[in-house]
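Visitor: Got a structure for you, written out below as structure tokens; questions coming shortly.
Coordinate-derived values only; no laboratory data. Here the structure is a predicted model, which is why all the values come from computation and not from measurement. All Cβ positions, even for glycine, are placed from backbone atoms using ideal geometry, and neighbour counts span all protein chains on display.
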Amino acid sequence: MKLLLLLVMTLLTGCSSFFYYPDSNTYYRPEQFKISSKNIEMISSDGTAIQGMLLRSKKKVSKGLVVQFHGNAENMSSHMTSLMWLTDLGYDLFTFDYRGYGSSEGHPGPEGVNQDALAALKMAKELQIKRKAPKLIVYGQSLGGVILLRALEDFGTEGIDHLILESTFMSYRSVAASVFKKSFITYLLFPLAYIFADGSYSANKVPEIPLVVIHGTNDVIINYEFGKDIFKKAKAPKQLWTIQNGGHINAYFLEQGKYREKLITYLSKE
């Protein structure tokens, strides 16, 4: 109930902060998991300093660089745990915080976060060269998926080998409306989402690069239908991994690591 009331107040004031729940806590450090890392600072086009981190592969030769665009709550020190297992299997992981998250400067908003995403993609290209990584994989989770999709429209896809989208969506307004529809109390108000939610930095298309969409059928945060919509709008080559009874961004922790093996097999193909 409180969350729904917050959404109503947020939309009625024309504020987009409903989508961002940053904090500055440090949840985990790579060294706790015996992962070598390097802190990286980037400067967005408006001068905002944002922080990133490279988690190095535990193998001598990198198989690829994975760029994580994380979800809406906490910061990269918690979100990295969902993908850091890739370092055990030969992949570098580059993650970063949008403005207002962790120790990144500023306050999050659609335009500023888009600038941060562009800075991160530029840095990822540089890191790929430095690490001599043969592949560049961009990975968007939840809110990070729409941020990534929108950034690729501006940045382009040259040199990007794979796009992976997990538990995500394309339209801020559609997701806001779906939250209204979850309760009979606010159902009649859902059209307000299309009026007041900022849709200027929603994704307009799915880029034509090899795509994997991962979504759980029991995702109570971002409905499974949003994942199917992305898959429908994308062109081949594309795959939809439907996680039966899966929740929000938890595929790799289910079924004894079945989907970890599936991802590695997919990325290993030429």
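Visitor: Give a quick list of trypsin sites (Lys or Arg not before Pro) in region 61-140 that DSSP marks as loop, anything other than H, G, I, E or B, with at most 13 other Cβ atoms within 10 Å.
Guide: Hits after loop and neighbour filter: 132.
Visitor: To continue, here is another question. Can you list which of the chymotrypsin sites (Phe, Trp or Tyr not before Pro) found in region 19-54 are DSSP loop residues with at most 15 other C-beta atoms within 10 Å?
Guide: Sparse-neighbourhood loop chymotrypsin sites (Phe, Trp or Tyr not before Pro): 27, 28.
Visitor: Have a look at the DSSP beta bridges in region 37-114 and tell me what percent are antiparallel, nearest 5. Let's see the in-between values first.
Guide: Details: 11 of 16 bridges.
Given both bridge residues lie in region 37-114, the antiparallel proportion sits at roughly 70 percent.
Visitor: For a quick check: with amide H placed at 1.01 Å from N, whose amide H comes under 5 Å from residue 135's, ignoring anything fewer than 5 positions away on the same chain?
Guide: When sequence neighbours closer than 5 places are left aside, the close amide H contacts are 64, 65.
Visitor: Among bridges DSSP assigns within region 12-147, what percent are antiparallel (round to 5)?
Guide: Percent antiparallel among DSSP bridges in region 12-147 is about 50.
Visitor: While we're here: Is there a pair in 135/269; 58/258; 122/238; 34/58; 63/130; 135/233 whose C-alpha atoms are over 18 Å apart, and which pairs would that be?
Guide: Over 18 Å apart, Cα to Cα: 58/258; 122/238; 135/233.
Visitor: Ok, one more. Please compute the volume of the convex hull spanned by the alpha-carbon atoms of region 56-119 and report it per residue in Å³. Numbers along the way, then the final one.
Guide: Details: hull volume 5.3 nm³, N = 64.
So the per-residue Cα hull volume is 83 Å³.
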